[in-house]
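What follows is a short report on a single structure.
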Amino acid sequence: MANVPVVTKNLIIVNALLWLATVVLRRTGIDLNDVLGLHYIGSSQFFPTQLLTYMFMHDSGSFSHILFNMFAVFIFGRVIEQVWGPKRFLLFYLITGVGAGLVQQAAWYVDLRPFLQAVDDYLVNGDSTVLSRYLNIVEGVIYPSDMVVAAKEQLLDRMLTVGASGAVFGILLAFGMLFPNAPLFIMFIPIPIKAKYMVIGYGVIEFFAGVSRVSGDNVAHFAHLGGMLFGFFLIRHWKKKGIGNGFFLG
């Protein structure tokens, strides 16, 4: 790690330390992910600071989650930091991470809107026809309003995302824009793929994975796309403003 640029190195260290802290504290009944992870904005567990802190948290039950994210930061982040410098790279990392969180909030809102509307309909007219599709209740039975509200809040509180993937996808986008023709190898594919095609491919895969909503898939695909989207517009903004032509420092 001696030759790794300062921001890249510290991002890896901070993420690793917080992952270890999450693993250790969970054994004592304290879940750091529940505190620092990103909750849905309509949840009582949501705090604005989570838009920043969630990107430094990872699934304590999956070492591969943090391993692959930090490996990508190590491989691609150090190259971009050497090109842009530490301050600009850190700014890009944080903005794409926050942007990914905002896009995830928007995706949650779209998914939850029918459910929230069904709850409102039930509280107003007692119609549980639609609500029974979302909650374990019997259609036609009248339940106390406070019980329905409590069930809604419990469901909203379970909406949680953690991980640096949004910022990582922003880094991948930046690498593809800086070095579009750089040859990259993907596991199990024996031929090199140009960086620009790999980035486009990842974007297409994430989009269709997010839209298809496969049962059991708990990956925040739209957050990944959000990191790429914010990264693209940030680079375009820098280029328009003549800040190092949007790519290299001037």
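Brief remarks on what is shown
- Restricting the stretch 88-100 to residues that are in contact (Cβ under 8 Å) with a residue 40 or more places away in the chain and surrounded by fewer than 23 Cβ atoms within 10 Å (Cβ to Cβ), the residue that is nearest to Leu160 (Cα to Cα): Val98
- Subset of the stretch 39-52 [part of a helix (DSSP H, G or I) and either over 18 Å from Ala220 (Cβ atoms) or of a type outside the set (A, V, I, L, M) (or both)]: Gln50
- Pairs linking a residue in the stretch 190-202 that is exposed (fewer than 13 other Cβ atoms within 10 Å of the Cβ) to a residue that is outside any helix (DSSP H, G or I), with Cβ atoms under 7 Å and 6 or more positions apart or on different chains, are Pro192/Pro183; Pro192/Leu184; Pro192/Phe185.
- Considering (1) more than 26 Å from Val219 (Cβ to Cβ); (2) buried (at least 17 other Cβ atoms within 10 Å of the Cβ); (3) touching a Leu at 6+ places or on another chain (Cβ under 8 Å), the lone condition that Ser145 does not fulfil carries the number (2).
- In summary, Gly85 fulfils each of the numbered conditions (1) surrounded by 17 or more Cβ atoms within 10 Å (Cβ to Cβ); (2) more than 21 Å from the chain's Cα centre (by Cα); (3) at pLDDT 80 or above with the single exception of condition (1).
- All positions within the stretch 108-129 that are at pLDDT 75 or above, in contact with a helix residue (DSSP H, G or I) (Cβ under 7 Å, 6 or more places away or on another chain) and either farther than 19 Å from His39 by Cβ or of a type in the set (Asp, Glu) (or both): Ala118, Tyr122, Leu123
- Test: Ser132 is more than 28 Å from the chain's Cα centre (by Cα) and at pLDDT below 75: yes
- Within this structure, Val83 fails the test of being free of Cβ contacts under 8 Å to residues at least 60 places away in the same chain, touching a helix residue (DSSP H, G or I) at 6+ places or on another chain (Cβ under 8 Å) and in a helix (DSSP H, G or I).
- For the stretch 1-38, the tally of residues that are surrounded by fewer than 15 Cβ atoms within 10 Å (Cβ to Cβ) and assigned to a loop (DSSP other than H, G, I, E, B) stands at 8.
The values are calculated or read from the model by the stated rules, or taken from the named source; none is laboratory data. If you're wondering where the values come from, they're calculated on a predicted model, not measured in any experiment. All Cβ positions, even for glycine, are placed from backbone atoms using ideal geometry, and neighbour counts span all protein chains on display.
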